[in-house]
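See below for the structure under consideration.
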Amino acid sequence: METIATVSEMTAWSRGQLRLGETIGFVPTMGYLHEGHLSLMHLARTENSKVVASIFVNPTQFGTNEDLSTYPRDPESDTAKCSHEGVDVLFMPDVNQIDGEGYQTFVEVEGVSGPLCGLSRPGHFKGVATVVLKLLNMVKPSAAYFGMKDYQQLRVIMTMVRDLNVDTRIVACPTIREADGLAMSSRNAYLSRDQRKQAVCLSEALAKAKELFDRSEPDAAKYLGAMTARIEQEPDAEPEYIKLVDPDTLEDLTSVRNRCLAVMAVRVGNTRLIDNMLFEA
Ligand code: PAF
């Protein structure tokens, strides 16, 4: 596996591969890799002749009171994991490679960035959309792989790629969970032992919503009640939002037919966790 730190080398490598007729699968990450990330690399490996992964903790998607300075990092272990997954290039740009002096261009995806996490994290999706478009331009992948755990991020990126005619296929990959159901996330590392036990309430609340959907319950209020009740059982769990939304627009639903997304952000202690489940009849 080759490690590349500069944009010029990354782009030259990709241009060379594309000239040879290779297809490039790309997995952008912020590092501290877990099984969820590795599953994206695995799928990229099966669908493409070359795989690029990136690690860049993107400052512009963190708010001023968020965890940029404490975001977990382990480049050595991440490098070994990427190599083990058969990644051809690990792109680890320095921050000044991404937005140096004089930087002044941002991408804003209007509708789907607004609700849910958009309300409590103003500017977050602008930071995500901008860095993802930049990375796509640098790596020039045929396909890029994103986890459904960050469902709103996925919708933002899909909308950007559609609206700006970006020539990359966006692949949505299933959420990977711990044995007890907790969605894998680099931020799970912040949880104490006791909080880790309580954090199972997110996936269990979603399972309660699934039971209602499987019984064809049409009343959204019943789903919200069941999910909220499960979260409130845990002393350190504080919901930021618990919603039932249209999976395409992310707008609230009052009644449920054959497709909906149950989605939540919950603080467990100081750690903000998100999770969701897509229901389709
Ligand atoms: O999901 C992430 O890790 C990040 O938001 C991403 C897509 C790598 C952009 O910084």
Practice prompt. Averaged over every viewing direction, what's the projected area of the C-alpha convex hull for segment 87-160? Give it in nm², one decimal, please.
Written response: 5.9
Worksheet, complete the sentence: Per the C-alpha gyration tensor (a ≥ b ≥ c, the square roots of its eigenvalues), segment 1-52 is rounded if a/c is under 1.5, else prolate if a/b beats b/c, else oblate; here it's oblate
Worksheet item: In the Gaussian network model of the chain, springs joining C-alpha atoms below 10 Å, which of Ala179, Ala262, Ala221 carries the largest mean-square fluctuation?
Response: Ala179
Worksheet item: In degrees, nearest 10, range 0 to 90: what is the angle between the Cα axis of helix 7-19 and the longest Cα principal axis of the chain?
Response: 80
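Write down the Å³ per residue value for the convex hull defined by the alpha carbon atoms of segment 123-190.
Working: hull volume 7.1 nm³, N = 68.
Once divided by residue count, the hull of segment 123-190 is 104 Å³.
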Fill in: Label-to-label distance, nm, for residues given as Ser255 and Ser49 (7 Å Cα→Cβ offset)
5.4
Worksheet item: Taking Rh as the Kirkwood radius, which is the inverse of the mean 1/r over Cα pairs, what is the Rg/Rh value for segment 40-153?
Response: 0.96
Fill in: segment 93-207: mean projected area of Cα convex hull, nm²
9.1
Worksheet item: Dimensions of the chain along principal axes (Cα, Å, largest first)?
Response: 55, 39, 39
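Provide the FRET efficiency to the nearest 0.05 for the Gln233-Ala12 pair, computing r from the beta carbons and using R0 = 51 Å.
Details: r = 55 Å, r/R0 = 1.07.
It comes out at approximately 0.40.
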Worksheet item: Where does helix 35-47 land angle-wise versus the long Cα axis of the chain, in degrees 0 to 90, nearest 10?
Response: 50
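Quick check for you: with a 1.4 Å probe and neighbouring chains kept, what is the accessible area per residue of the chain, in Å²? Don't skip to the end; give the middle numbers.
Working: 13440 Å² over 281 residues.
So the chain comes to 48 Å² accessible per residue, rounded to a whole number.
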Worksheet item: For the chain, what is the mean residue ellipticity at 222 nm derived from helices alone (per DSSP H run of n ≥ 4: -39500 (n - 2.57); sum divided by total residues; nearest 500 deg cm²/dmol)?
Response: -11500 deg cm²/dmol
Worksheet item: What angle do you read, to the nearest 10 degrees and between 0 and 90, between the alpha-carbon axis of helix 151-163 and the longest principal axis of the chain?
Response: 50
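Below 8 Å, C-alpha to C-alpha, sequence gap of six or more: please give me the relative contact order for segment 159-281 in percent. Don't jump to the answer; show the numbers that get you there.
Values: 182 pairs, mean separation 27.7, N = 123.
After rounding, I find 22 percent.
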Item to complete: Calculate what fraction, in whole %, of the accessible area of segment 31-140 sits on carbon and sulfur atoms when a 1.4 Å probe is rolled over the protein chains.
Response: 50
Discussion item. Tell me whether segment 143-257 comes out rounded, prolate or oblate; compute the Cα gyration tensor, take square roots of the eigenvalues as a ≥ b ≥ c, and use a/c under 1.5 as the rounded threshold.
Written reply: oblate
Item to complete: Along Cα→Cβ, 7 Å out, is where each label goes; now give me the distance between the ones at Ala189 and Ala207 in nm to one decimal.
Response: 2.8
Practice prompt. Two decimals is fine: what is log10 I(q)/I(0) at q = 0.13, 0.14, 0.21 Å⁻¹ for segment 212-276, from a Debye sum with one equal scatterer on every Cα and no solvent?
Written response: -0.36, -0.41, -0.84
Worksheet item: When we measure straight from the Cα of Lys243, which aspartates and glutamates land under 13 angstrom away, once same-chain ones fewer than 8 places off are left out?
Response: Asp219, Glu251, Asp252, Asp275
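Quote the charge dipole size of segment 197-281 about the Cα centre in Debye, to the nearest 20; the model charges only the Cβ of Lys and Arg (+1) and of Asp and Glu (-1).
Values: 11 positive and 16 negative charges, 31 e Å.
Roughly 140 debye for segment 197-281.
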Discussion item. So if I take the centroid of the Cα atoms in segment 245-281 and the same for segment 1-66, what is the distance between those two points in Å?
Written reply: 28
Worksheet item: If each of Arg267 and Met1 carries a label point 7 Å out from its Cα toward its Cβ, how far apart are those two points in nm?
Response: 3.6
Worksheet entry | Estimated FRET transfer efficiency when R0 is 22 angstrom, pair Met158-Thr23 (beta carbons, to 0.05) | 0.65
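The values are calculated or read from the model by the stated rules, or taken from the named source; none is laboratory data. Fair warning: this is a prediction, and the values are worked out from it, not measured in the lab. Cβ coordinates were reconstructed from backbone atoms using ideal geometry, including for glycine residues, and neighbour counts include every protein chain displayed. What goes into the accessible areas is simple: the full protein's heavy atoms, side chains included, and nothing from ligands, DNA or RNA. Shrake-Rupley method; radii C 1.70, N 1.55, O 1.52, S 1.80 Å.
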